[in-house]
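S.K.: To start, I am sharing the structure in question, which I have written as structure tokens.
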Amino acid sequence: MGGMGKAAVAAAALLLAAWPVGGWAQGHSGLVVGMQLEPPHLDPTAGAAGAIDEVTYANLFEPLTRIDAAGAVVPGLAERWTVSDDGLTYTFTLRPGARFHDGSVCDSADVKFSLDRARGPQSVNAQKAYFAAIDTVETPDPRTVVVRLSRPDGLFLFHMGQGDAVIVAQETADTNKQKPIGTGPFKLDRWAAGDRVELVRNPDYDGPKPALERVTFRFISDPAAQVAALLSGDVDTFPQFGTYEALDQFRKDPRFAVLDGTSEGETLLVINNARKPFDDVRVRRAIGHAIDRTTLIDGAMFGTAKPIGSHFPPHRPEYVDLTGLSAYAPAKARALLAEAGYKDGFDAVLRLPPPIYARRSGELIAAMLAEVGIRLRIENVEWAAWLERTFKGRDFDLTLVAHTEPLDIGIYARPDYYFNYRSDRFNATEDELSRTLDPARRVALLQQEQRIVAEDAVNGFLFQLPVVTVQKAGVTGMWPNRPLQANDVTGVSWK
Amino acid sequence: MRRRRTSFPLVAGAVLTGALVLVALLSLAWTPYAPEAVRVVARLRPPGPDHWLGTDHFGRDVLSMLMVGARLSLGIGAASVALGLLGGVPLGLLGAARPGWWDEAAGRMADLLFAFPAVLVAILLTALNGPGAGNAVAAIALFNVAVLARVTQGAAKGVMRRDFVRASQALGRGPWGVAWVHVLPAIAGVLAVQATVLFAAAILSEAGLSYLGLGVQPPVPSWGRMLEDAQTFLTRAPLLAVFPGAAIALSVLGLSLLGDGLRDRFDPRHESEPIL
């Protein structure tokens, strides 16, 4: 009975969604966006899952500043701001007409509430560190917010533009997980769990109206089904398309456009630095030398990825190419292992989360490490189990995952992060970086950080996760790159 | 109506199953390539003289993987059926030998085990111990225990009512003695048939569990995971799905035919139909 009901609802939803979209018809005002994972809930201030931001960021919720398609900080809920000369006082002026979806005005009190909530003791924010420098938040008038920092923070405006920093109302903050009430140009219409989230245009939005009247996010985890959904016209655009072996087919098909973009996703063979034998830097370096990145990228990604030698994306100006430090040299890897006392290698477990890049890379890396004597047992796990045991519990030898948060090399300074990496040298550099505003010095420090983690071989640095969007040829305005985890559809339209 | 002792199903089943066993044994000594040897440059090759059945997306030899996969399927099938016999037969005999309370308890126990499909048990075990082949064996074995307990109990009850058993009981043999000396030999044929059919089902279940990632973990090849890997290449290399699919189908067919043939031979009056 329950199944029947669900099927009927799904069928009705399909009809509803198909009505304005109409399969392959063009020039309409709806958009169906394909996503691999469904968000666990829709409150970006209370969860680390990227899928939350991919539905809500800029569409439902707005932060004070915003990150645009090029990764630059642009006005969001704050139409302008000033920074004091000492870099300690930020004065934001809010948009005059900003309103929440429930009709209430969004004023400085809401901003103060949101920032204080995110940094407070009860906070469940996934990126509390973004707010750590805030000393006080003052509200001299309803449109003005003055944020005083206890120390200069070079990334403050960037961080205030992240999904974790969106502005919410006190009255609705606790129910945003199921009923998100933001200030964005779209509002939630319905959420059919396991299938789709539908947004409709917010008629009361104070900014420029988006071209789309309705946006549907459909969750399709199966790679073959993703390809089928695109080919049948059920999905209009699929950002972060993960079935790399199907790309050739779409590139040759004139009905489709394939956008190749840059991502912030450093794909790592994550090493538990606290666990024997990985606490020995020689063992970690040996792992690096045992991995043939060219074959890995060819085999797991069908050639669609750029190699990395540290925890930094190649498209950023601060990038240093350090792949040479862990160049493929199996003989050297064996020598390093012997030096560390593991002449006959050792056994370890490689735990792999579900994405296809992880599963395929993991199998190839297990074969490569076997060549130098490191015998890996592969354990394929689901995301929930991975988050619980590996990420939170830090109970693992090796795992493989892409770290998609932007400019996140600072995680190597976190004492409780799951890498279990401790380095006074890195911490000192990070400390200086967080207090430095001079752009040239910041570049130098970021480059030094890349070098430190590469020299310490904290993790196996594999490749930058490619961001490929496959969509119907008529869709314009989707972000080709991924400066942060978001599907900002406010500027999307049909040709 | 009596059929001839060697029937077509028996011969066909024995040939197919024999071939499967031979391939599995051969894989212990020889495979064309190492089944785990990755060679990305040679990926997705169609069948040819170098690779008789082609290569997969990592350039591994499909024939070698299928051969090792056969060993794995047989191993897991055998282990789960053996465990099923060890658990199910005593449970069923207990129910048959002690009518009343025990009978009920054994029956309910089998019902309880029946209620958990292998997939559910495998998911549960994976959550507890992490993934691995052991989970697949345990999950399938649990189902086999339930089936074999039910079959044993049914068949044994019939035998218990026969005169020679009554006579033996009257002469003072205890319930376990009766079960061992009289009942077990009498129902051995039924059990052999049931075990063969369960073997076929176990191979199918193992493939299903591996397909879902709940069975044997990579890089050890398994038919189910080969199917899963082949899924995204269906348009480019459909044969990658055809070969493991055919291997599973032929193995299950062979064992099912063998089960049918054995039933005809041991149990010409079809006293009890195998439960699948």
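S.K.: Calculate, for A:Gln170 and B:Phe114, the FRET efficiency according to 1/(1 + (r/R0)^6) with r their C-beta to C-beta distance and R0 56 Å; round to the nearest 0.05.
M.R.: Numbers: r = 53 Å, r/R0 = 0.95.
Between A:Gln170 and B:Phe114 the formula returns 0.55.
S.K.: Related question: If you roll a 1.4 Å probe over region A:145-195 with all protein chains in place, what percent of the accessible area is carbon or sulfur?
M.R.: On the way: 880 of 1880 Å².
For region A:145-195, the apolar C and S fraction of the accessible surface comes to 47 percent.
S.K.: Once phi is turned into θ = phi - 60°, what whole-Hz ³J(HN,Hα) does the Karplus curve with 6.51, -1.76 and 1.60 give for every residue of region B:116-131, x standing for Gly and Pro?
M.R.: In residue order, the calculated couplings are 9, x, 4, 4, 5, 4, 5, 4, 4, 5, 5, 5, 7, 10, x, x Hz.
S.K.: I need the shape label for region B:27-71. Rule: rounded when a/c is under 1.5, else prolate if a/b > b/c, else oblate, with a, b, c from the alpha carbon gyration tensor. Before the final figure, lay out the partial values.
M.R.: On the way: a/c = 2.06, a/b = 1.59, b/c = 1.29.
In terms of gyration-tensor shape, prolate.
S.K.: For region A:352-451, what mean projected area does the convex hull of the alpha carbons give, in nm²? Mind showing how you got there, number by number?
M.R.: On the way: hull surface 31.3 nm².
Result: a mean projected hull area of 7.8 nm².
S.K.: Now a separate question. How far, in degrees from 0 to 90, does helix B:184-211 lean away from the longest principal axis of the Cα atoms of chain B, to the nearest 10?
M.R.: 30
S.K.: Here is a follow-up. Report the FRET efficiency, 1/(1 + (r/R0)^6), for B:Ala29 and A:Ala132, where r is their Cβ-Cβ distance and R0 is 51 Å, rounded to 0.05.
M.R.: Numbers: r = 63 Å, r/R0 = 1.24.
Rounded to the nearest 0.05, the efficiency is 0.20.
S.K.: Which order do the peptides A:324-335, B:88-99, A:191-202 take when ranked by the mean count of other beta-carbon atoms within 10 Å per residue, highest first?
M.R.: Working: A:324-335: 16.8, B:88-99: 22.1, A:191-202: 18.9.
So the peptides A:324-335, B:88-99, A:191-202, ranked by packing, come out B:88-99, A:191-202, A:324-335.
S.K.: Which value, in Å², gives the accessible area per residue of the protein assembly as shown when a 1.4 Å probe is used on the protein heavy atoms? All intermediate terms of the calculation are to be shown ahead of the outcome.
M.R.: Numbers: 32300 Å² over 771 residues.
Solvent-accessible surface per residue comes out at 42 Å².
S.K.: How much net charge surrounds A:Val197 when only the other residues with a Cβ under 11 Å from the Cβ of A:Val197 are counted, with Lys and Arg +1 and Asp and Glu -1?
M.R.: -2
S.K.: Give me the extension gain from A:Asp253 to A:Ser150: residue separation times 0.36 nm, minus the current Cα-Cα distance, reported in nm with one decimal.
M.R.: Details: separation 103, 0.36 × 103 = 37.08 nm, distance 5.52 nm.
The span from A:Asp253 to A:Ser150 would gain 31.6 nm if fully extended.
S.K.: As I understand it, the value is the acute angle between the Cα axis of helix B:8-29 and the longest principal axis of the Cα atoms of chain B; what does it come to in degrees, rounded to 10?
M.R.: Computed tilt is about 50 degrees.
S.K.: Report the calculated FRET efficiency for A:Lys209 and A:Asp102 (r = Cβ-Cβ distance, R0 = 25 Å), to the nearest 0.05.
M.R.: Numbers: r = 19 Å, r/R0 = 0.78.
It comes to 0.80.
S.K.: Continuing with this model, one more query. Please sort through the DSSP H helices of chain A and keep those with an alpha-carbon extent of at least 18 Å along the long axis and a Kyte-Doolittle average not below 1.0. Display every interim value, and only then the final one.
M.R.: Values: long enough: A:2-21 (28 Å, 1.43); A:356-371 (23 Å, 0.45); A:439-455 (24 Å, -0.39).
Those that pass (Cα extent of 18 Å or more, hydropathy at least 1.0) are A:2-21.
S.K.: Based on C-alpha coordinates, I'd like the Rg and Dmax of the protein assembly as shown, in Å.
M.R.: Spelled out, the Cα radius of gyration and Dmax of the protein assembly as shown are 31.2, 107 Å.
S.K.: Looking at the square roots a ≥ b ≥ c of the eigenvalues of the Cα gyration tensor of region B:174-273, which shape do they give, rounded for a/c under 1.5, prolate if a/b is larger than b/c, or oblate?
M.R.: Numbers: a/c = 5.19, a/b = 2.36, b/c = 2.20.
Here region B:174-273 falls in the prolate category.
S.K.: Okay, next question. Short version: which residues of region A:342-382 lose at least 20 Å² of accessible area, all chains versus chain alone, 1.4 Å probe?
M.R.: A:Arg360, A:Glu363, A:Leu364, A:Ala367, A:Ile378, A:Glu379, A:Asn380
S.K.: Per the 1.4 Å probe, what fraction of the accessible area of region B:1-146, in percent, lies on carbon and sulfur atoms? If you can, show how the numbers build up before the last one.
M.R.: On the way: 5300 of 7430 Å².
Solvent-exposed carbon and sulfur of region B:1-146 make up 71 percent of the total.
S.K.: Beta carbons within 10 angstrom, averaged per residue: use that to sort the peptides B:141-151, B:73-83, highest first.
M.R.: Details: B:141-151: 24.7, B:73-83: 21.2.
Those peptides, ordered most packed to least, come out B:141-151, B:73-83.
S.K.: Please report the buried accessible area for the interface of A with B, total over both chains, probe 1.4 Å, in Å² to the nearest 100. Mind dumping the intermediate values first?
M.R.: Working: alone 19980 and 14010 Å², together 32300 Å².
Roughly 1700 Å².
S.K.: Region B:177-223: which residues show an accessible-area loss of 10 Å² or more, assembly versus chain alone, 1.4 Å probe?
M.R.: Those residues are B:Gly213, B:Gln217, B:Pro218, B:Pro219.
S.K.: Below 13 Å, Cα to Cα, which aspartates and glutamates can A:Lys112 reach? Residues fewer than 8 away in the same chain don't count.
M.R.: Partners within reach: A:Asp135, A:Glu138, A:Asp141.
S.K.: May I pose another question? Would you mind checking A:Lys177/A:Lys472; A:Lys187/A:Lys495; A:Lys472/A:Lys495 for any pair whose Cα atoms are more than 21 angstrom apart? Write down the numbers at each step before the final one.
M.R.: Details: A:Lys177/A:Lys472 31 Å; A:Lys187/A:Lys495 24 Å; A:Lys472/A:Lys495 10 Å.
Checking Cα-Cα distances, A:Lys177/A:Lys472; A:Lys187/A:Lys495 exceed 21 Å.
S.K.: On a 0 to 90° scale, report how tilted helix B:239-266 is relative to the longest principal axis of chain B, with both axes built from alpha carbons and the result rounded to the nearest 10.
M.R.: On a 0 to 90 degree scale, this one is about 20.
S.K.: Rounded to the nearest 500, what is the protein assembly as shown's calculated 222 nm mean residue ellipticity when only DSSP H runs of at least 4 contribute -39500 (n - 2.57) each, over all residues?
M.R.: Values: 22 runs with 321 residues, N = 771.
My calculation for the protein assembly as shown gives -13500 deg cm²/dmol from helical runs alone.
S.K.: Suppose every K and R has +1 on its Cβ and every D and E has -1 on its Cβ; what is the size of the dipole of chain A about the Cα centre, in Debye to the nearest 20? Spell out each step's value before the answer.
M.R.: On the way: 53 positive and 63 negative charges, 130 e Å.
Roughly 620 debye, rounded to the nearest 20.
S.K.: Between A:Ser221 and A:Asp347, what length in nm is gained on full extension when 0.36 nm per residue of separation is reduced by their alpha carbon distance? Numbers along the way, then the final one.
M.R.: Working: separation 126, 0.36 × 126 = 45.36 nm, distance 3.21 nm.
This chain segment gains 42.2 nm when fully extended.
S.K.: Take the alpha carbon gyration tensor of region B:78-124, find the square roots of its eigenvalues, order them as a ≥ b ≥ c, and report rounded if a/c is under 1.5; if not, report prolate when a/b exceeds b/c, else oblate.
M.R.: Values: a/c = 4.65, a/b = 1.56, b/c = 2.97.
Oblate, because a/c is 1.5 or more while a/b does not exceed b/c.
S.K.: For chain A, what's the relative contact order in percent, using C-alpha pairs closer than 8 Å and at least 6 residues apart?
M.R.: Relative contact order of chain A: 21 percent.
S.K.: Given a 1.4 Å probe and every protein chain left where it sits, what share in percent of the accessible area of region A:317-449 is carbon and sulfur?
M.R.: Working: 3130 of 5900 Å².
Summing carbon and sulfur atoms, their accessible area is 53 percent of the total for region A:317-449.
S.K.: Considering only B:Gly69, A:Leu268, A:Gln447, whose Cα is most displaced toward the positive end of the charge dipole of the protein assembly as shown, charges sitting on Cβ of Lys, Arg (+1) and Asp, Glu (-1)?
M.R.: Farthest towards the positive pole: B:Gly69.
S.K.: Give the cross-link partners of A:Lys306 among the lysines, using a straight C-alpha distance below 23 Å as the criterion and excluding same-chain residues fewer than 8 apart.
M.R.: By straight Cα distance, A:Lys306 reaches A:Lys252.
S.K.: Given the C-alpha centroids of region A:91-125 and region A:413-492, what is the distance between them in whole angstrom?
M.R.: 27
S.K.: Another question, if that's okay. To the nearest µm²/s, what D does Stokes-Einstein give for chain B at 25 °C and 0.890 mPa s, using the Kirkwood radius over alpha carbon pairs as Rh?
M.R.: 121
S.K.: Can you list the residues of region A:271-310 that have at least 30 square angstrom less accessible area with all protein chains present than in their chain by itself, probe 1.4 Å?
M.R.: Residues of region A:271-310 that lose at least 30 Å² of accessible area once the other chains are added: A:Asp298, A:Gly299, A:Phe302.
S.K.: Using just the C-alpha positions of region A:265-336 as equal point scatterers, what log10 of I(q)/I(0) does the Debye formula give at each q in 0.12, 0.18, 0.23, 0.28 1/Å?
M.R.: The Cα Debye sum returns log10 ratios of -0.36, -0.79, -1.13, -1.29.
S.K.: Additional query: Residue by residue through B:233-243, how many Cβ atoms from other chains fall within 10 Å of the Cβ on average? Numbers along the way, then the final one.
M.R.: Working: counts 5, 3, 6, 4, 1, 0, 0, 0, 0, 0, 0.
Average neighbour count from other chains, rounded to a whole number: 2.
S.K.: With a point put 7 Å past each Cα toward its Cβ, work out how far B:Ala167 is from B:Leu212 in nm, to one decimal.
M.R.: Inter-label distance under the simple model: 5.1 nm.
The values are calculated or read from the model by the stated rules, or taken from the named source; none is laboratory data. Quick caveat: nothing in here was measured; it's all calculated off a predicted structure. All Cβ positions, glycine included, derive from the backbone under ideal geometry; neighbour counts span all protein chains shown. Heavy atoms of the whole protein, side chains included, go into the accessibility calculation; ligands, DNA and RNA do not. Shrake-Rupley method; radii C 1.70, N 1.55, O 1.52, S 1.80 Å.
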